[in-house]
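Chemist: Quick one: the structure is below, questions incoming.
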Amino acid sequence: MVSLRREIRRAHPEHHAAPVHVFGPADAALLVIGLAPGLYGANATGRPFTGDDAGGLLYATLHAHGFCNAPRSEGPGDGLVLQDCRITNAVKCLPPDNRPVAAEINTCNRFLADEVKQASVLVTLGGVAHKATVRALGLRQADHRFGHGATYDLPSGHRLIASYHCSRYNRNTRRLTPAMLDEVFARARAAVDAVRDLSSTASGAS
């Protein structure tokens, strides 16, 4: 993967072409987990789901539910701020042929394990990201299977919500529609609000 990044820097010197880190405030209640940076998306801009088609629907949906201050993400310096939300990927670097292999997912899983600890509500985008998240939480895959809209209340206190990935392919084939993604983030919004209400109540009682 290091050699791939070097090749990309030579071909596209303006690209970020490095590990893409989590985007959003460290104390956010919601963590959105995608798959990996795309060549002309996060690998180019350095921000998850930014620069290619996949992020268009995602950021518009996040904005509709109050998780960011604008409906579009163009890249660092655009003034976009996530609100009580962070975004990351199961794989931190651009994978060869845009297809992560098990070794890459496994290597990056320790970073994901640290990221999920900080959040209360987790939204996984796609089956690979979902399985990586279940592994990062130390849970059995058989007990937390992927399916669009599948929701799990975990012993750790997390709420885990699965969605099909917002890729162009899934949208063109109608596997995922804007309404379907909107419903997932409506659930996430309700779960985050419940967490914040509980926290406020506890603070007031003390």
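Chemist: Mind listing whichever residues of the stretch 133-153 are closer than 22 Å to Leu62 by Cβ and in contact with a Pro (Cβ under 9 Å, 6 or more places away or on another chain)?
Modeler: Residues satisfying the conditions do not exist here.
Chemist: Determine whether Leu58 is modelled with pLDDT of 95 or more, crowded, with 18+ Cβ neighbours inside 10 Å and over 20 Å from Arg171 (Cβ atoms). Outline the logic, then answer.
Modeler: Details: modelled with pLDDT of 95 or more: yes; crowded, with 18+ Cβ neighbours inside 10 Å: yes; over 20 Å from Arg171 (Cβ atoms): no.
The answer is no for Leu58.
Chemist: Within the group Val116, Val128, Val81, which residue is over 16 Å from Gly24 (Cβ atoms) and among the aliphatic types (A, V, I, L, M)?
Modeler: Every option except Val128 fails the conditions.
Condition check ((1) touching a His at 6+ places or on another chain (Cβ under 6 Å); (2) not hydrophobic (A, V, I, L, M, F, W, C)) across all residues:
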residue	(1), (2)
Val91	no, no
Asn98	no, yes
Phe111	no, no
Gly127	no, yes
Val134	yes, no
Arg187	no, yes
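Chemist: Of the conditions (1) more than 24 Å from Pro25 (Cβ to Cβ); (2) in contact with a His (Cβ under 8 Å, 6 or more places away or on another chain), Leu122 satisfies every one except a single condition; which number is it?
Modeler: Only one criterion in (1) more than 24 Å from Pro25 (Cβ to Cβ); (2) in contact with a His (Cβ under 8 Å, 6 or more places away or on another chain) is unmet by Leu122, namely (1).
Chemist: Looking at this structure, is Ala186 in a helix (DSSP H, G or I), among the hydrophobic types (A, V, I, L, M, F, W, C), surrounded by fewer than 22 Cβ atoms within 10 Å (Cβ to Cβ) and modelled with pLDDT of 95 or more?
Modeler: yes
Chemist: Working carefully through the options Leu139, Leu112, Leu160, Leu176, find the one that is touching a helix residue (DSSP H, G or I) at 6+ places or on another chain (Cβ under 6 Å), at pLDDT 95 or above and over 16 Å from Ala36 (Cα atoms).
Modeler: Only one candidate qualifies: Leu176.
Chemist: Considering only residues of the stretch 189-206 that are at pLDDT below 95 and among the charged types (D, E, K, R), which is farthest from Pro71 (Cα to Cα)?
Modeler: Among them, the one singled out is Asp197.
Chemist: Another question, if that's okay. Quick check, is Leu39 buried (at least 20 other Cβ atoms within 10 Å of the Cβ), more than 14 Å from the chain's Cα centre (by Cα), assigned to a loop (DSSP other than H, G, I, E, B) and among the aliphatic types (A, V, I, L, M)? Walk me through it before giving the result.
Modeler: Working: buried (at least 20 other Cβ atoms within 10 Å of the Cβ): no; more than 14 Å from the chain's Cα centre (by Cα): yes; assigned to a loop (DSSP other than H, G, I, E, B): yes; among the aliphatic types (A, V, I, L, M): yes.
It is false that Leu39 is buried (at least 20 other Cβ atoms within 10 Å of the Cβ), more than 14 Å from the chain's Cα centre (by Cα), assigned to a loop (DSSP other than H, G, I, E, B) and among the aliphatic types (A, V, I, L, M).
Chemist: Separate question: Quick check on Arg47: is it at pLDDT 95 or above, basic (Lys, Arg) and buried (at least 21 other Cβ atoms within 10 Å of the Cβ)?
Modeler: Yes: the conditions hold for Arg47.
The values are calculated or read from the model by the stated rules, or taken from the named source; none is laboratory data. If you're wondering where the values come from, they're calculated on a predicted model, not measured in any experiment. Note that we place each Cβ from the backbone using ideal geometry, even for glycine, and neighbour counts take in every protein chain shown.
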